[in-house]
Amino acid sequence: MNIIKEIKSDRVGDRYYEVEHPSGLRIFVYPKENNNSTYAVFGTRYGSIDMCFKSSDDSEPNKVPAGIAHYLEHKLFESEDGDAFARFAKTGASANAYTSFDKTCYLFSCTENVYESLEILLDFVQSPYFTEQTVQKEQGIIGQEIRMYDDDPQWRVMFNLLRAMYHNHPVKIDIAGTVESIAQITPELLYKCYNTFYNLNNMVLCVAGNVEVNKVLELCDKMLKPSKHLSIDRIFENEPDEVVQSRIEQKLSVSTTIFQLGFKEKVGKNRVSAEEIAQTEILLELMASDSSPLFRRLLDAELINQSTFAYEYFEGPGYASVIFSGESKDPDAVADEIKKEAEKLRTQGIDPVAFERSKKAVYGRLISSFNSVDNIANTLASLAFTGHELFHYVDSVSQADIASVQARLNTQLRADSSVLSIVKPID
């Protein structure tokens, strides 16, 4: 029997439904009756960092090759009967999938044939088909993808940063693995990872758009294969607080120098709270948005350009950092200015007017994001895997105060935990 919980928000003016399905799957349905499109995500809490794990069915920990989660994502689209993309083409849906550090998601968007497309999604993700021949064929395809990313400057500047930041955590390893690591992947390993992480108790289904809750649940009752509860222990080596090195540089075929400046944080096994994420988002808005004094100084000095300068809070199981990025003729000068601004805010305090303006900007963007069904579905999935609730995050932004953001700054953006990664043009 389905256990249905309605979750509503007066702030957003919307509601959605969280369902505990008898199969073990958590289902989120967010109806948007006046929307022409529908977006669905079927995801598992399994990403590239899950290279050492032990389930309740295992007597010993399993160590698997780097890149296997991404490899598995590729292989699931194949079956004895053909390719899932071809099936989606018949319903007119646009389908895709992605593997990140901590999750793998399969998705589609459509304007018609919603339930037919949802049936395809639920079917192929639950129907693995791996043989020696198909696995070997994929090694060549993914090997080409890996070599392509080896020459991608944006990819390289990021993973150079992570390698300089983390000693042991697998977040520093390329999501797709290496040519050498994927050569170790076998059908047996793929089935082991699939049976562990694609257990429905470790997965979520999120559907947002012009859908009816009852119809989604009827289809789930028909398609979902019950899973026994399986606990999974993800095993990581201890990670030192300090960075590996404070600066790393590489030369590639780029026309302009690009950089990423990261600030490593001390984190435990638990994820950062919704309140802490909200505080960081407000802090970064007031510190480095295009209305901030720092941004104006960097732009006036021609140290950055408006179209590429960006910032984000990058966090997951066992890792967290604030990252600034962009193009610059002098990345070291940009890094110095950012560190000085963080220290100034730390010692002199956050300006109350700037705080209120930044909080309103973050809150406004968040509220406007509820007009996008793909944003709703993807955010629901991400928050479900972190133990956060969608409307609670909205409340966390609304309820943040200047004292909490100032306190958050005292744990972030520390110069002694920073890494500057640079990719320069070849001479």
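Annotations
- Check on Asn371, under 21 Å from Phe42 (Cα atoms) and open to solvent by less than 40 Å² (accessible area, probe 1.4 Å): no
- Enumerated helices (runs of 4 or more DSSP H) restricted to the stretch 163-230, each holding at least 3 residues that are open to solvent by 20 Å² or more (accessible area, probe 1.4 Å): 187-197, 213-223
- Options Ser59, Ser48; residue that is polar (S, T, N, Q) and at pLDDT below 95: Ser59
- Residues satisfying the stated conditions in the stretch 49-62, i.e. open to solvent by 10 Å² or more (accessible area, probe 1.4 Å), touching a residue at least 40 places away in the same chain (Cβ under 8 Å), part of a loop (DSSP other than H, G, I, E, B) and more than 14 Å from Leu230 (Cβ to Cβ): Met51, Pro61
- When the stretch 73-110 is filtered for residues that are closer than 30 Å to Arg234 by Cβ, open to solvent by 30 Å² or more (accessible area, probe 1.4 Å), modelled with pLDDT under 95 and not acidic (Asp, Glu), the ones remaining, listed by number, are His74, Ser79.
- Of all residues in the stretch 304-352, those being part of a strand (DSSP E or B), of a type outside the set (Ser, Thr, Tyr) and under 18 Å from Gln154 (Cα atoms) number 8.
- Applying the set (1) over 30 Å from Thr111 (Cβ atoms); (2) touching a Phe, Trp or Tyr at 6+ places or on another chain (Cβ under 9 Å) to Ser56 leaves exactly one unmet item: (2).
- Which numbered condition Val114 misses (of (1) at pLDDT 95 or above; (2) under 22 Å from Leu190 (Cβ atoms)): (2)
- All of Pro352, Pro317 fail the test of being at pLDDT below 95 and open to solvent by 20 Å² or more (accessible area, probe 1.4 Å), apart from Pro317.
- Residue in the stretch 353-365 that is of a type outside the set (D, E, K, R) and free of Cβ contacts under 8 Å to residues at least 12 places away in the same chain present: yes
- Any hit, the stretch 380-389, residues being among the charged types (D, E, K, R), under 23 Å from the mean Cα position of the chain (by Cα) and surrounded by fewer than 20 Cβ atoms within 10 Å (Cβ to Cβ): yes
- Near pairs, Cβ below 7 angstrom, 6+ apart or cross-chain, from the stretch 322-349 (without any contact (Cβ under 8 Å) to a residue 60 or more places away in the chain) to any residue that is charged (D, E, K, R) and open to solvent by 30 Å² or more (accessible area, probe 1.4 Å): Glu337/Arg297
- Flag if Phe295 is closer than 18 Å to Val157 by Cα and in contact (Cβ under 8 Å) with a residue 12 or more places away in the chain: no
- For the stretch 105-157, a residue qualifies if it is of a type in the set (Gly, Ala, Ser) and part of a helix (DSSP H, G or I), and the qualifying residues are Ser117, Gly140, Gly143.
The values are calculated or read from the model by the stated rules, or taken from the named source; none is laboratory data. What you are looking at is a predicted structure, and each value in this text was computed from that prediction instead of being measured. Backbone-built Cβ (ideal geometry, glycine too); neighbour counts: all protein chains shown. We work out accessible area using only protein heavy atoms, side chains counted, and drop any ligands, DNA or RNA first. Shrake-Rupley method; radii C 1.70, N 1.55, O 1.52, S 1.80 Å.
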